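The values are calculated or read from the model by the stated rules, or taken from the named source; none is laboratory data. Worth saying up front: this structure is predicted, and the values here are computed from it rather than measured. Methodologically, a virtual Cβ is constructed for each residue, glycine included, from the backbone with ideal geometry; neighbour enumeration extends over all protein chains shown. Ligands, DNA and RNA are stripped out before the accessible areas are found, and what is left, the full protein with its side chains, is counted by its heavy atoms. Shrake-Rupley method; radii C 1.70, N 1.55, O 1.52, S 1.80 Å.
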Amino acid sequence: MKTSEFNGKALNPTPNTPQDAPETVSSLSGDFSHALTSARIACYDDFRSAPRITEIAPNTTAEFIEGLASTVYAQAQQTGGAIPYTVIREVSENFIHARFCEIVVSIYDGGNTIRFSDQGPGIPQKEKAQMPGFSSATDPMKQYIRGVGSGLPLVKEYLSFSHGRITIEDNLRTGAVVTISVAPEQDQAPSKHRANAPRCNSSDPHLTDREKDILSLLMKEGSLRLTDIKNDLDLSPSTAHRTLRSLEEEGLVKSIGKMRCLTDFGLGVAEDLL
């Protein structure tokens, strides 16, 4: 079996890079600045009928990733899904490692399961890909993603606290399939803490406007890094850190690794702000 070519370097053949694997070079410009092929999103009402197909046209890498993640999030939400944008964005960014080759994103289970597939070089070491610090990102890629091996670990960490899971499998011929899912809200056991927690009114004098803004943002996005919160709300780093610490002390926000998300009590408070 001959070796496969990827990113200008010869790769040793593996069970997931067969001899007749499709060429991936033409799907991404040499400097990683443009995705040169389309991505397809298939949204299923059920498996008894054909899905609705949406195509994401070729674009600059930054716009392509943003367009793909935003469209997947919007369609999943419209069908009743609860997977936050941040999680969808992290997995969408991972497609750069596949050189955006033959991307298909499938949405089903009422938006609560999303499957991301490609026909790139695949992910041979699937367990390590979900551990912080393991990365195959090259310098050109780091203009568009963090490239420090944090994306899939953050996704796994969030899902583990949200009655969800992530799986990584080989695609049929070559490439990877990443599936993320969460349990529908009605299937999740109600939290005793939330059931017994007092409901906080939006006029509560102990809740500042800045704290309300952060709670509302986290309810919308699901989980965010401190940097994301700071940038979205135009806060200084010290102000964002101080406000988040106050919300954590009040039991409204919790930390999951580097991510911040609402506690059950915090979600109840945020809902009262609507």
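Tabulated data for the structure shown
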| item | result |
| --- | --- |
| Simple spin-label estimate for residue 210 and residue 40 in nanometres, 7 Å along Cα-Cβ | 4.9 nm |
| Residue 62 paired with residue 271, simple spin-label distance in nm, labels 7 Å along Cα-to-beta-carbon | 3.8 nm |
| Estimated vicinal HN-Hα couplings, Hz - segment 114-124 in sequence order (Karplus 6.51, -1.76, 1.60; Gly, Pro = x) | 10, 10, 10, 10, 8, 10, x, x, x, 10, x |
| Rounded FRET efficiency, nearest 0.05, which uses the C-beta distance separating residue 128 from residue 236 and R0 of 30 Å | 0.25 |
| Amide H contacts of residue 225 (H built 1.01 Å from N, under 5 Å, at least 5 apart or other chain) | 260 |
| Amide H contacts under 5 Å for residue 28, placed H, 5+ residues apart | 36 |
| With DNA, RNA and ligands ignored, accessible area of residue 163 (1.4 Å probe; Å², nearest 10) | 110 Å² |
| Candidate residues 61, 167: accessible-area rank, largest first, probe 1.4 Å | 167, 61 |
| Percent accessible area from carbon and sulfur atoms, segment 201-254, protein chains only, probe 1.4 Å | 43 percent |
| Accessible area per residue, Å², segment 43-154 with all protein chains present, probe 1.4 Å | 44 Å² |
| Under 5 Å, built H, 5+ apart or other chain: amide partners of residue 59 | 35 |
| Gain upon complete extension [residue 79, residue 49; 0.36 nm per residue less C-alpha separation] | 9.3 nm |
